[in-house]
Amino acid sequence: MTIGRVRISRIVSIICLFIVGAIFVFPFIWMFASALKPTAEIFSSGGSLFGSRIAWENFSLVFTAVPFLRIILNTFFVAGIGALIACTVSVLSAYAFSRIEFKGRFQLFAAYLATLVLPMEVLVIPLYIGANQLGLVDTYVALIMPFAFGAFGTFMLRQFLLSLPRDYEEAARIDGAGQLRILVSVIVPLLRGPLSIVAAFAFIDYWNNFLWPLIVINSSDKATIPLGLQMFSGERGTDWGALMAAASVSVLASLVIVIVMQKQLARGINLGGFGGR
């Protein structure tokens, strides 16, 4: 009886997982199918996934009507540089908050952590005013720098550092190493796993960011993928075929990123950065 119940429970779990998976996957299937339909048939074909013909011209239009290849490269550049800066800032600030004793350390960290609750909609106006006064509007600097100093990476790395013993650091200090040498030669190698998690989440945040690039970028040669998708909608309406094709291309690119970073993302979900005290 017990074995039978276990089997039934397992079968039910598999069926439920299959149903949930199908619900999540169906929009992507519909998107890919719509990208291969003539634009006029995307909404007129009812529930059918297939059109009267395969409209390959939707994919060629993605790269001719809009500089989409340049947009993809821009997104990789912005997300890569942003993730690198975010990791550097997170390591430095986490090390300071966890290993260096100074007055008001915990109060300052609490204030720094409080920035996590601020929504982007609150930040974009003062950030734009500052970027405009510095002459940084429509530049990669304005696109990357404001959100490279988030508290999430600092919090995660600090919590991980608090769970590590200081034996290696003390041994390096006895050998005459200073703070910078200890940070580079001892701390950073120990943080390789959590750092990869911070880099993965920072990269994805930059990749998906829409509101800030929409406000600070004016030229198409510096646009990112969310802005590139918007370019297929204009005063004369939306070219749904080309938009679905562009979304499919961007999803394929992001899918490659997720596959490459799947171990880091899984570790981030499991670890959560809540070790230590």
With respect to F106, determine if the residue is part of a helix (DSSP H, G or I), under 23 Å from L164 (Cβ atoms) and open to solvent by 60 Å² or more (accessible area, probe 1.4 Å). yes
Filtering the stretch 207-223 for residues that are in a helix (DSSP H, G or I) and open to solvent by less than 20 Å² (accessible area, probe 1.4 Å) leaves a count of 4
Kindly establish whether G237 is surrounded by fewer than 18 Cβ atoms within 10 Å (Cβ to Cβ), at pLDDT below 85 and under 18 Å from the mean Cα position of the chain (by Cα). no
Search the stretch 74-106 for residues being among the basic types (K, R) and without any contact (Cβ under 8 Å) to a residue 24 or more places away in the chain, and hand back the single one that is farthest from P213 (Cα to Cα). K103
In the stretch 36-59, which residues are touching a Gly at 6+ places or on another chain (Cβ under 7 Å), part of a helix (DSSP H, G or I) and either open to solvent by less than 20 Å² (accessible area, probe 1.4 Å) or of a type in the set (D, E) (or both)? E41, N58
Of the residues that make up the stretch 193-202, is at least one more than 28 Å from L116 (Cβ to Cβ) and surrounded by fewer than 16 Cβ atoms within 10 Å (Cβ to Cβ)? no
Mind listing whichever residues of the stretch 65-82 are in contact with a Phe, Trp or Tyr (Cβ under 7 Å, 6 or more places away or on another chain) and open to solvent by 70 Å² or more (accessible area, probe 1.4 Å)? L69
Out of I54, I71, which single residue is within 30 Å of T238 (Cα to Cα), in contact (Cβ under 8 Å) with a residue 24 or more places away in the chain and in contact with a Leu (Cβ under 8 Å, 6 or more places away or on another chain)? I71
Please work out which residue is nearest to F203 (Cα to Cα), limiting yourself to the stretch 138-151 and to residues that are modelled with pLDDT of 90 or more and open to solvent by less than 30 Å² (accessible area, probe 1.4 Å). I144
If I go through the stretch 152-192 residue by residue, how many of them are of a type in the set (D, E, K, R), surrounded by fewer than 17 Cβ atoms within 10 Å (Cβ to Cβ) and part of a helix (DSSP H, G or I)? 5
Starting from residues that are of a type in the set (A, V, I, L, M) and touching a helix residue (DSSP H, G or I) at 6+ places or on another chain (Cβ under 9 Å), keep the ones in the stretch 35-59 and report whichever is farthest from L229 (Cα to Cα). L49
Test: residue in the stretch 127-148 that is acidic (D, E) and within 26 Å of T75 (Cα to Cα): yes
Filtered residues of the stretch 115-137 (kept if open to solvent by less than 50 Å² (accessible area, probe 1.4 Å) and assigned to a helix (DSSP H, G or I)): V124, G130, A131
Of (1) at pLDDT 85 or above; (2) surrounded by 13 or more Cβ atoms within 10 Å (Cβ to Cβ); (3) farther than 26 Å from L183 by Cβ; (4) out of contact with any helix residue (DSSP H, G or I) (no Cβ under 6 Å at 6 or more places or on another chain), V62 fails just (4)
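The values are calculated or read from the model by the stated rules, or taken from the named source; none is laboratory data. Just so it is clear, the structure is predicted and the values come from calculations on it, not from any experiment. Every residue, glycine as well, gets a Cβ built from its backbone with ideal geometry; the counts of neighbours run over all protein chains shown. SASA here: full protein model, heavy atoms, side chains in, ligands and nucleic acids out. Shrake-Rupley method; radii C 1.70, N 1.55, O 1.52, S 1.80 Å.
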